[in-house]
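Below is one structure, written out as structure tokens; comments come after it.
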Amino acid sequence: MSTKEMIVSILETKKGEYISGETIGKALNISRAAVSKVIKDLKTNGYTIYSLNKKGHCIPKNSNTLSLIEIQKNLKYSNKIKIKNIVDSTNIEAKRLLLENPSHGTVIISNEQTAGRAHAGRHFFSPKDSGIYMSIILNPDFFLSIEDSSKLITMTATSITETIEDMCKKKTTVKELNDIFLKDKKIGGVLTEIVSELESKCVQNIIIGVGINFNSINFPEHLSKKVGSIFTNEEPNINRNELISNIINSIMNNLDYLKRLSKGASLC
């Protein structure tokens, strides 16, 4: 764990409490000046950290900043997580990453997208600090047909609605196989891209893209009547990191379920 990650871990362990730079420095055997430098860098990269003279530094309890430590804390699987401040599209970023042979379950999460993608080539509005934009790269270690991968898409959308209902206490529905609605407004969707062998029709890689409006409110005028968020005019009862972890868990659970159905069928 890097010095930056260790400082975040110390602050997140006592969210809402101020911890002095001296205390953090002693715990990590670094100077107070080094702590201040890291804190400044964290703030520049999007972390919400309050700093007060003679009190120290504090991550507020209601912080919605994307956090590797908080996401990993609630994961059931050993997914490798990559957090970006801004990308064009997490699915595009995931396809670039395929060239590096990423490990199964690698997740790319971004705080903002400049060219977020939705079903049928549509654009997914992805403002910073207020949405969940992520893509999971799956490399199945069993025979998964294109037909079964289609089941995974449907299962993913359904499990996301169940996760939102369980954690956010909001009743959502799935429309058109992969669009997620809260009442009469779309709040998110699933965009899946499959890499398969032409002859065997065996799936080699699946990129599952998930876009969810968490607490977005400032939509462009042309979207405001048909697009919404999980939380609009109220304080969220959870943060983005908790929901992200549980969505990742549900997607991995779905793949495990399909693996059990395959009864140990060999790879392509």
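The values are calculated or read from the model by the stated rules, or taken from the named source; none is laboratory data. Model, not experiment: these values are computed from the prediction. Backbone-built Cβ (ideal geometry, glycine too); neighbour counts: all protein chains shown. Keep in mind that these areas ignore ligands, DNA and RNA; they rest on the heavy atoms of the full protein, side chains included. Shrake-Rupley method; radii C 1.70, N 1.55, O 1.52, S 1.80 Å.
Near residue 71: Cβ cut-off under 13 Å, other residues only, Lys/Arg at +1 and Asp/Glu at -1. The net charge is +1.
Descending by average beta-carbon neighbour count within 10 Å, the peptides 204-210, 176-182 line up as 204-210, 176-182, the highest first. Approximating the spin labels as points 7 Å out from Cα along Cα→Cβ, the residue 173-to-residue 128 distance works out to 3.7 nm.
Rolling a 1.4 angstrom probe over the protein heavy atoms, how many square angstrom per residue are accessible across the chain?
Averaged over the residues of the chain, the accessible area is 52 Å².
Most tightly packed first, judged by the mean number of other beta-carbon atoms within 10 Å of their residues, the peptides 133-146, 26-39 read 133-146, 26-39. Using 1/(1 + (r/R0)^6) with R0 = 45 angstrom and r between the beta carbons of residue 95 and residue 51, what's the FRET efficiency to the nearest 0.05? Computed FRET efficiency for residue 95 and residue 51: 0.70. Close amide H contacts of residue 84 (hydrogens built in the peptide plane, cut-off under 5 Å, sequence separation of 5 or more or a different chain): 109, 110, 111. From the cross-link list 26/128; 43/95; 84/170; 15/171, which pairs have alpha carbons spaced over 31 Å apart? Too far apart for the 31 Å limit: 26/128. Sequence-ordered 3J(HN,Hα) estimates for the range 104-118 from the Karplus curve with 6.51, -1.76 and 1.60 and θ = phi - 60° stand at 4, x, 4, 10, 9, 10, 10, 7, 7, 10, 9, 9, x, 10, 10 Hz, glycine and proline given as x. Principal axis extents of the Cα atoms in the range 137-232, from largest to smallest and rounded to whole angstrom, are 47, 29, 20. Positive-end ranking of 44, 126, 111 along the dipole of the range 35-154, with charges on Cβ about the Cα centre, is headed by 44. Note on residue 115/residue 61: beta-carbon distance plugged into 1/(1 + (r/R0)^6) with R0 of 41 Å gives a FRET efficiency of 0.75. The angle between the Cα long axis of helix 240-262 and the main principal axis of the chain comes to about 30°, on a 0 to 90 degree scale.
Cα extents for the chain along the principal axes, largest to smallest and rounded to whole angstrom: 65, 44, 30. The P(r) of the range 27-171 has a tail past 25 Å containing 42 percent of all C-alpha pairs. A Cβ-based charge dipole, computed about the Cα centre of the chain with Lys and Arg at +1 and Asp and Glu at -1, lands at about 760 debye. Computed over the range 1-53, the percent of Cα pairs more than 14 Å apart is 47. Ligands, DNA and RNA left out, the 1.4 Å accessible surface of the chain is 50% carbon and sulfur atoms. Distances between every pair of Cα atoms in the range 1-110, grouped in 5 Å steps from 0 to the bin holding the largest one, split as 2, 11, 20, 20, 16, 13, 9, 6, 2, 0 percent. Report, in degrees rounded to the nearest 10, the 0 to 90 angle that the Cα long axis of helix 32-44 makes with the longest principal axis of the chain. That helix lies at roughly 40 degrees to the long axis. Using the Cβ of residue 207 as centre and a radius below 9 Å, the other residues enclosed give a net charge of 0, where K and R count +1 and D and E count -1. Rounded to the nearest 500, the 222 nm mean residue ellipticity of the chain from helices alone is -11000 deg cm²/dmol, with -39,500 (n - 2.57) taken per DSSP H run of at least 4 residues.
Net charge in the neighbourhood of residue 49 (other residues with Cβ under 10 Å of its Cβ; Lys, Arg +1, Asp, Glu -1) is +2.
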